[in-house]
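Any read-out appearing in this document is the output of simple, stated calculations on the displayed coordinates, not a laboratory observation. Being a predicted model, the structure only gives us computed values, none of them experimental. So basically every Cβ, Gly included, is an ideal-geometry build from the backbone, and we count neighbours across all protein chains shown.
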Amino acid sequence: MRGLGRSCVTIGSFDGLHLGHQALLGRLAQHGAAEGLPTVLLTFEPLPREYLQPQDPPARLTSLRERCHILAPGPLDYLCVLRFGEALRNLSAGDFAALLAGELGARTVVVGHDFRFGRNGAATAEVLAAAGRRLGFDVDVLAPVQSGGERISSSAVRAALAGGDFAAARRALGRGWSMCGRVVPGERLGRTLGFPTANLALERVRAPVHGVFAVRVRGAAPGTRPGVASLGTRPTVAGTRPLLEAHVFDFDGDLYGRQIEVEFAAKLRDEQHFASLEALTEQMHRDASQARRILADTE
């Protein structure tokens with residue numbers, strides 16, 4: 001990124017790209033326009049908490065692919081992804097500030113009120129601002145964004161999704177929560193049972209939801225199509241790898257290799273083991289009927 005010249009930068013995990021993150025991006029765009037400089041979002045893979053807590057990582061709201069998908073229509077000029085590992089974890093606050101000034105040519109850095117980075121979290125917004133005065137960049141610190149009197153955060157969105165409160169997640173995100181990816185080949189069991197599915201790899205260590213859901217699918221056909229989806233390990237067929245399987249109602253095309261988006265509307269039930277494929281199929285019909293009713297009522 002050295003050829004970039006000067007820039008306006010924001011930094012963070014941006015998991016979920018909720019309304020708080022969107023406020024940061026909005027302020028970043030304002031600085032970029034006012035200063036006539038390109039805008040840069042600096043983020044990390046894996047997310048820092050995934051690296052620091054490998055045995056108990058937080059549920060991931062958005063994969064890198066999904067963050068790119070959400071950011072694509074916006075005014076951001078550059079997305080810069082740093083691999084998070086021991087070197088980055090142990091970077092001092094001063095060295096981190098020097099990276100922003102040297103590698104990204106930062107003129108203005110926009111961060112949230114709770115920004116922390118570097119060894120032992122020493123790079124707070126205040127420390128970064130002091131370093132910026134020495135290195136030639138300003139730091140703009142945004143206050144927390146609230147909804148219904150509560151601060152919007154990735155943790156709050158994870159809690160809402162885990163509790164099946166998709167309406168609360170929508171309010172915090174400014175859109176329905178979804179997963180997207182390229183449809184991968186499966187075992188074709190769903191087609192055998194009368195429920196062909198589009199299968200998506202999760203692209204994350206831990207998903208924020210598990211179970212069976214009413215969903216809306218984009219990319220399978222023109223517009224948005226209703227459907228039902230399962231996210232789990234498929235215990236009835238001795239599955240072990242978590243997978244998202246989405247059945248699109250009244251659709252019989254070939255989706256292999258297609259890029260689709262699955263938006264979660266409501267949770268129907270937890271994943272469970274059935275004694276036979278016949279029992280599983282009967283439940284799938286009940287799930288589909290319930291999903292159709294829920295989606296029809298919320299159109």
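Worth a mention:
- A cut-off of 5 Å between modelled amide H atoms, ignoring neighbours fewer than 5 places along the same chain, links ARG269 with VAL212.
- Proportion of all alpha-carbon pairs of the range 2-151 beyond 20 Å (%): 48
- Cα-based Rg of the chain normalised by 2.2 N^0.38 Å, two decimals: 1.12
- Range of Cα positions in the range 151-224 per principal axis (Å), largest first: 46, 29, 20
- The residues PHE44, PHE251, when put in order of fewest to most other Cβ atoms within 10 Å, stand as PHE251, PHE44.
- Distance from the range 22-99 to the range 132-202 (C-alpha centre basis), Å: 16
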